[in-house]
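Report on the following structure.
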Amino acid sequence: MKRDYDSVYQQLAALLEGETDPVVRMAEMAAVLHERFDFWWTGFYRVTPRPEGGTELLLGPFQGPVACIHIPYAKGVCGTAWARHKTIVVPDVEQFPGHIACSAASRSEIVVPIFNEIGAVTAVLDIDSRELAAFSDDDVPGLEKIVSLL
Ligand code: SME
């Protein structure tokens, strides 16, 4: 399915102009993507220090059902995208070893890492669908460009 990510990019660029707070930017981005494309779950996990040491992915702004709060490094699709520094497209979550099922209704997903100026991952964008193979490599450039607005 071809999605018109360019128009979402333009909309978000205008909406976020002058807004510097990262939570605001993530919240509006999740809302616009979720509403425009009717995804099942659209949101962010941020790389965050754990009280006991090290870092993990911690739930951030999202749209959709209640989600898992903590995701360890290299676990699930989100933790794997963080570890690999690469966008991951999962056409069938049941075929992804270690997939974390926050919602049994989720059948496919895409996770896009977000980098800071020195190339470290600071967060990931996770989008889930109730349909199998809702995402493909066609979605990667558009979503990677959108998260560059963060
Ligand atoms: N499925 C994800 C976990 C996050 S939720 O789907 C919102 C994963 O395997 O990382």
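Structure values in brief
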{"quantity": "Residue selected from the stretch 105-144 under the condition in a helix (DSSP H, G or I) and open to solvent by 40 Å² or more (accessible area, probe 1.4 Å), by the criterion farthest from Ala13 (Cα to Cα)", "calculated": "Pro141"}
{"quantity": "Considering residues of the stretch 68-89 that are within 18 Å of Ser129 (Cβ to Cβ) and more than 10 Å from the ligand (Cβ to nearest atom) only, the residue most open to solvent (accessible area, probe 1.4 Å)", "calculated": "Val89"}
{"quantity": "Pro65, sole failed condition from (1) under 19 Å from Met26 (Cβ atoms); (2) buried (at least 19 other Cβ atoms within 10 Å of the Cβ)", "calculated": "(2)"}
{"quantity": "From the options Arg46, Arg36, residue that is part of a helix (DSSP H, G or I), open to solvent by 70 Å² or more (accessible area, probe 1.4 Å), out of contact with any Pro (no Cβ under 8 Å at 6 or more places or on another chain) and at negative phi", "calculated": "Arg36"}
{"quantity": "In the stretch 90-104, residue nearest to the ligand (Cβ to nearest atom) [restricted to those that are in contact with a Phe, Trp or Tyr (Cβ under 9 Å, 6 or more places away or on another chain) and open to solvent by less than 40 Å² (accessible area, probe 1.4 Å)]", "calculated": "Ser103"}
{"quantity": "Qualifying residue in the stretch 62-74 (condition: within 18 Å of Pro141 (Cα to Cα) and in contact with a helix residue (DSSP H, G or I) (Cβ under 9 Å, 6 or more places away or on another chain))", "calculated": "no"}
{"quantity": "Qualifying residue in the stretch 129-143 (condition: within 13 Å of the ligand (Cβ to nearest atom) and touching a helix residue (DSSP H, G or I) at 6+ places or on another chain (Cβ under 6 Å))", "calculated": "no"}
{"quantity": "Filter result (part of a strand (DSSP E or B) and over 15 Å from Ile100 (Cα atoms)) within the stretch 56-74", "calculated": "Gly60, Pro61, Phe62, Gln63"}
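The values are calculated or read from the model by the stated rules, or taken from the named source; none is laboratory data. Every value quoted in this text rests on a predicted model; they were computed, and no experiment measured them. Cβ sites come from the backbone with ideal geometry, for glycine too, and all protein chains shown count toward neighbours. In case anyone asks, the SASA skips ligands and DNA or RNA and just uses the protein heavy atoms, side chains included. Shrake-Rupley method; radii C 1.70, N 1.55, O 1.52, S 1.80 Å.
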